[in-house]
Structures are given as structure tokens and as C-alpha cells.
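This report concerns only the one structure given below.
The values are calculated or read from the model by the stated rules, or taken from the named source; none is laboratory data. Keep in mind that what you see is a predicted model, and the values were worked out from it rather than measured. Ideal geometry is used to build each Cβ from the backbone, glycine not excepted, and the neighbour counts take in all protein chains shown. Just so you know, the surface numbers come from the protein's heavy atoms only, side chains and all, with ligands and any DNA or RNA stripped out. Shrake-Rupley method; radii C 1.70, N 1.55, O 1.52, S 1.80 Å.
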Amino acid sequence: MDTKTIRLMWDYTKWADARAFDAVSKLAPEAYLKDMGSSMKSVRDTMVHLVSAQWIWLSRWKGTSPKTMWTAGDYPSVAPLRERWAALHGEIEAFVSAQADASLMQDVTYQNMKGDTLKFPLGALFLHVVNHSTYHRGQVTTLLRQLGAQPVATDLALFLAAR
């Protein structure tokens with residue numbers, strides 16, 4: 001695990017999240033909120049989960065273990081969630097930039113939402129967040145298609161080509 005890889009993967013996540021927000025922002029408000037029967041119900045709920053999970057992991061890396069995710073109902077439209085995401089990404093970017101190869105190997109001990117204490121190397125947890133975000137962006141892509149909207153490609157290869 002090295003800082004070059006972590007920074008690349010975080011830059012990719014930021015890029016892909018921004019593209020997902022661009023696609024979601026084009027939805028009519030009722031489509032954004034529509035219960036699609038997905039694991040997170042709606043596009044809104046899935047995007048809130050994606051960003052809230054990034055916040056939880058940053059909090060854990062900094063030594064705090066939040067007990068709850070953000071409430072989807074607090075984000076009736078895309079704009080306030082995107083604003084909070086932008087601020088959060090700034091915080092994560094600063095945290096990532098402060099890491100060294102050695103710090104990525106250090107264990108982070110935290111409590112999950114069930115209260116279980118877990119411990120993993122920081123670098124592995126960074127990769128977990130990238131993977132988790134990719135998974136939920138994929139769900140958003142499916143929901144957008146089901147709504148008749150146009151998703152955007154967020155493949156890592158496209159990001160690398162755009163660089």
C-alpha cells in the first residue's frame with residue numbers, strides 16, 4: 001500500500017462521484033425521490049448513503065465512531081447533498097494528502113454501528129471506501145436507467161484516459 005495509489009484512487013472516486021452527481025442533478029424532483037424498491041429505495045437515498053458512508057469512514061480515521069448514517073429526508077433535493085459532499089471531499093482530500101506510506105500501514109481501530117470493535121490498516125480502509133462508493137454508483141446507474149434517465153460512465157479507465 002502506498003500513497004501514490006491511495007491518492008490516485010481518491011482522485012478517481014472524487015471524479016466519479018462528481019459525474020454521478022451531474023447525472024442525478026438532471027432528474028426531476030419526483031424521480032430523485034421515487035421509491036424504486038432498491039436496497040436504498042431511491043436515487044436520493046442511495047446518494048445520501050454513498051456520501052454518508054464516506055463521512056463515517058473519515059470520522060473513523062480521525063478517531064470518532066459515528067453511530068448513525070445521515071438521514072436521507074434531510075436532503076429533499078440534490079443541491080444540499082452535493083454541497084455537503086463537496087465540503088466532505090475537501091476534508092478527505094486534506095486527510096489523504098497528509099498520509100505517508102508508513103501511516104497507511106497503521107491500524108485504525110473503530111466501532112461499527114453495531115458497537116463491535118474492529119481494526120484494519122488505514123490503506124485497506126481507503127480501498128474499502130473506494131470500492132463501496134463504486135458499488136453504490138453502480139446502483140445509481142441502474143436506478144437512473146430504470147427511471148429512463150441517462151447515467152454517465154465512471155469507469156477507472158475513463159478517468160485514467162481523461163487525466
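Does V96 fit the bill of being more than 26 Å from A28 (Cα to Cα) and of a type in the set (A, V, I, L, M)? Taking the combined requirement at face value, the residue satisfies it. Suppose the filter is outside any helix (DSSP H, G or I) and either at pLDDT below 95 or closer than 28 Å to G148 by Cα (or both); does W70 pass it? Yes.
Against the conditions (1) open to solvent by less than 40 Å² (accessible area, probe 1.4 Å); (2) free of Cβ contacts under 8 Å to residues at least 24 places away in the same chain; (3) not in a helix (DSSP H, G or I), S65 satisfies every one except (2). Restricting attention to segment 109-124, the residues that are out of contact with any Lys or Arg (no Cβ under 6 Å at 6 or more places or on another chain), buried (at least 18 other Cβ atoms within 10 Å of the Cβ) and under 15 Å from I56 (Cα atoms) add up to 1. Listed conditions (1) part of a helix (DSSP H, G or I); (2) surrounded by 14 or more Cβ atoms within 10 Å (Cβ to Cβ) are all met by K4, apart from (2). Look at (1) crowded, with 16+ Cβ neighbours inside 10 Å; (2) farther than 26 Å from R163 by Cβ; (3) touching a His at 6+ places or on another chain (Cβ under 9 Å) and you find that V43 fails only one, number (3).
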